[in-house]
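A short worksheet on the structure shown next.
Read-outs: derived from the displayed coordinates by stated rules, not from any lab. Keep in mind the model is a prediction, meaning the values are calculated, not measured. FYI the Cβ positions are ideal-geometry reconstructions off the backbone, even for glycines, and counts take in every protein chain you see.
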2 protein chains.
Amino acid sequence: MPKISHKGETMPASPIRKLVPYAETAKKAGMKIYHLNIGQPDIETPDTMMDAIRNSKIKVLEYSHSAGFESYRKKLSDYYKSFRINVESTDIIITTGGSEAISIAMMSCFNPGDELIVPEPFYANYNGFSCASDVVIRPVRSYIETGFALPPVSEFEKLITPKTKGIMICNPGNPTGYLYSREELELLKALVKKYDLYLLSDEVYREFCYDGKEYVSVMHLEGIDQNIILLDSISKRYSACGARIGALISKNKEVMAAALKFAQARLSPPTFGQIGGEAALATPKSYFEKVNKEYMARRDFLIGALNKMEGVFCPKPSGAFYCIARLPIDNSDTFCQWLLEKFSHNKETVMLAPATGFYSSKNSGMDEVRIAYVLNLEDLKKAMICLDEALKVYPGRIVEKSSSAKSRI
Amino acid sequence: MPKISHKGETMPASPIRKLVPYAETAKKAGMKIYHLNIGQPDIETPDTMMDAIRNSKIKVLEYSHSAGFESYRKKLSDYYKSFRINVESTDIIITTGGSEAISIAMMSCFNPGDELIVPEPFYANYNGFSCASDVVIRPVRSYIETGFALPPVSEFEKLITPKTKGIMICNPGNPTGYLYSREELELLKALVKKYDLYLLSDEVYREFCYDGKEYVSVMHLEGIDQNIILLDSISKRYSACGARIGALISKNKEVMAAALKFAQARLSPPTFGQIGGEAALATPKSYFEKVNKEYMARRDFLIGALNKMEGVFCPKPSGAFYCIARLPIDNSDTFCQWLLEKFSHNKETVMLAPATGFYSSKNSGMDEVRIAYVLNLEDLKKAMICLDEALKVYPGRIVEKSSSAKSRI
């Protein structure tokens, strides 16, 4: 039997999805599971989008342009301009989800062995894409105590080697919910200029910024146009994860020419997703206002409930729909699996994502979990009751560590 | 400005799509272009499929399972069983088009520098995916004189080195239309066993076998289950290229476990494509009978018309909807571009794919083009008139070479 690839062996399993078999077993045994492990919102996809798909008059379901419908890219450039992101349709390649935008960006910019600095905890699948492209992620640690603010520039500089080719951020952040300030982004800009690095920015949560805080895009930073690659997706924007539509955006023509070749190899992005994405651009502002109000109410409840639990700490995020909470536990992987395998509160339990998978540094995130507030308030309340009860009886509860942790805040 | 990747530089542009800008310019100038360059059929997508998409009652367009809908995979295993391909739903991962199936298979099986033997001419995008995965394609030449039959086993063996990790075929073949016989596949099986290689087989054209000839799948070969990876797509089967739905199929559990990790990193295949693909399995046999009759009529006309042209030779393919024709020309890239830039017959011209892009060996396919018979007979006739007229006036026509070539048949 031939051997599988080294990549195939070392590729990390998704921390968001690896516990799925345990959840399936629990469900088959009659358990109700509150899914807070995955960024799959329960928010309805806008009618504007779904109607366009249902009413499409296609006779032959053809390939599209490898960069996506021209009409869609033109309208998208207007969408970005409404955020003061001045890009033209030729600066945009429509991708199969944000995932493909990341993967094409990595293949276009980096050689095997090149290093990419990423503040951790970071979106776990960056590990998968870097593994697939043989890119080495060098994590720079951010901390729960500061709400996962940008680490000091000196910490980035410590990691810079001749192999360093870029920095990657997610803003607003998954899994932290942290929203970078203009000052923080200006610091990154100086770094990027000083070392002539790529700056990849995953801004798929731009519509979800709370408390009146400003969304600053890397595209707002002046003078580093050639260094910037914006990664985007409609999955979260319109609660349309299954559409598999994203975008890779850059004013660097060489990067775009390389990216187009990778896009051509896979022929085209999905047609129905594009029809939906194009129509979704007409989604009324009121939709986002309603959705944001809903997410804020969930966040406020969640953060309040978590911080009321003995030994738990969770900073209040300003964007996206995730938070990282520190729990009084020995091991978040064991705990999250135990929740599915061993725990039950009135035949209910909660599924969380162990934070370990969001760190690249070994043994980090052992007492942290990522919680996605993607369920309605009622379910969220029941999920928090489950978590509270679970923490009381979890055999790996660590009392001392948690109280000292709390006192460290 | 940071440099793009080495891959981004060396990645070949798609021979099928690289001439698109010239076609766009010609169209803007009022030219009518017959597109025989791309495997985009004009056949209507089955109503069964499109109706399922239009009638879907989705409220939240969610991610699906990373391996695709379980219901779809179960029905797909029945579909394969109807071709005596005995696979279960757990042996199948739904991918974003056949493209992603190829790309995930390469990443799961091969390390950078590993060698993959592929009979050439081969589907041009194999170059793209091998470049993206740093896999080295070692081409083994097949010839137009034999209709692109499998090269002798001795030719494969000449290429085998300690780095050789697999063989890849396309059956029925794109771009050749060649259908491998059971005998040819048994020869490959012996090779695969002898050297313990992976055998990747792209069988997306299985529904299109003509003249009563038998379709033999690599999955019919006994005793090499652990070596085989079947790559599939619904794009051609249901004329649904824009759905972006394919499949990676193997009974090798280690390969499937690795492949699932790559699938998890990109989250899920497109939901609407899956809804369509699942519904399409109920497409009546009569649909394929009608489509096959249509393709056969086109093929018969096309091959006849080509071979009637002075200096042209085209073997008759038994499957898919492509042929490779040898033309009396100096350079197929120059010729195909000239057709779009300089030639006009009653304000019409034809777009073909230069065969050079389907060969990995340098300077091969210089006098060959790939023609996709994806247009109706009437358009195909007009396209052949254009080609005939074009060959008469093309400045790079080579008379001597063509007649000697003809005499070589």
**OP:** Take the cross-link list A:342/A:392; A:236/A:290; A:194/A:261; A:251/A:316; A:27/A:382 and give me the ones stretching past 24 Å between alpha-carbons.
**Re:** A:194/A:261; A:251/A:316
Subject >> Restricting region B:1-110 to GluC sites (Glu not before Pro) in coil, as DSSP defines it, with at most 14 other Cβ within 10 Å >> reply: B:88
**OP:** In a Gaussian network model over chain B where Cα atoms closer than 10 Å are linked, find which of B:66, B:286, B:99 has the largest mean-square fluctuation.
**Re:** B:286
Original post:
When the dipole is taken about the Cα centre of chain B, and only Lys, Arg (+1) and Asp, Glu (-1) are charged at their Cβ, what size is it in debye, to the nearest 20?
Top reply: 480
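Filter the DSSP H helices in chain B by two things, a Kyte-Doolittle mean of at least -1.0 and an axial alpha-carbon span of 27 angstrom or more, and list the hits by number. Numbers along the way, then the final one.
On the way: long enough: B:285-308 (35 Å, -0.77).
Taking the DSSP H segments of chain B (at least 27 Å long, mean hydropathy at least -1.0), we get B:285-308.
Suppose a student asked you for the relative contact order of chain B, using Cα pairs under 8 Å spaced at least 6 residues apart; what percent would you report? If you can, show how the numbers build up before the last one.
Details: 790 pairs, mean separation 99.7, N = 409.
It rounds to 24 percent for chain B.
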**OP:** Let me have the 222 nm mean residue ellipticity of chain B computed from DSSP H runs of 4+ only, each contributing -39500 (n - 2.57), with the sum over all residues rounded to the nearest 500.
**Re:** -12000 deg cm²/dmol
Original post:
So, how do all the Cα-to-Cα distances of chain A break down into 10 Å bins, in percent, from 0 on up?
Top reply: 5, 22, 31, 27, 13, 2, 0
**OP:** Be a star and scan region B:194-209 for residues whose amide nitrogen sits under 20 Å from the point 7 Å along the Cα-to-Cβ vector of residue B:316.
**Re:** B:208-209
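Counting other beta carbons within 10 Å of each Cβ, put A:356, B:95, B:283 in order, fewest first. Mind dumping the intermediate values first?
Numbers: A:356 22, B:95 29, B:283 18.
In order of increasing Cβ crowding within 10 Å: B:283, A:356, B:95.
List the relative contact order of region A:47-280 as a percent without decimals, with contacts defined as Cα pairs under 8 Å and 6+ residues apart.
Relative contact order for region A:47-280 comes out at 30 percent.
Quick one: A:195, A:123, A:210, fewest Cβ neighbours within 10 Å first, how do they rank?
Values: A:195 17, A:123 25, A:210 20.
By the 10 Å Cβ count, ascending, the order reads A:195, A:210, A:123.
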**OP:** In whole angstrom, note down how far apart the Cα centers of region B:98-151 and region A:94-110 are.
**Re:** 22
**OP:** Find how many whole Å separate the alpha carbon centroid of region B:272-347 from the alpha carbon centroid of region B:1-48.
**Re:** 16
Subject >> residue B:48-residue B:163 pseudo-label distance in nm [points 7 Å out on the Cα-to-Cβ vector] >> reply: 4.6
**OP:** Give me the distance in nm between label points sitting 7 Å out from Cα along the Cα-to-Cβ direction at residue A:341 and residue A:79, one decimal.
**Re:** 4.2
**OP:** Have a look at B:55, B:331, B:363 and tell me which one the Gaussian network model of chain B (Cα, springs below 10 Å) gives the largest fluctuation.
**Re:** B:55
Subject >> Restricting region A:277-382 to GluC sites (Glu not before Pro) in coil, as DSSP defines it, with at most 15 other Cβ within 10 Å >> reply: A:310
**OP:** Could you tell me the distance between the Cα centroids of region B:152-193 and region A:186-217, to the nearest Å?
**Re:** 50
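Please compute, over every Cα-Cα pair in region B:47-280, the percentage with a separation greater than 31 angstrom. It would help to have the intermediate numbers written out before the result.
On the way: 5258 of 27261 pairs.
Distances greater than 31 Å cover 19 percent of the Cα pairs.
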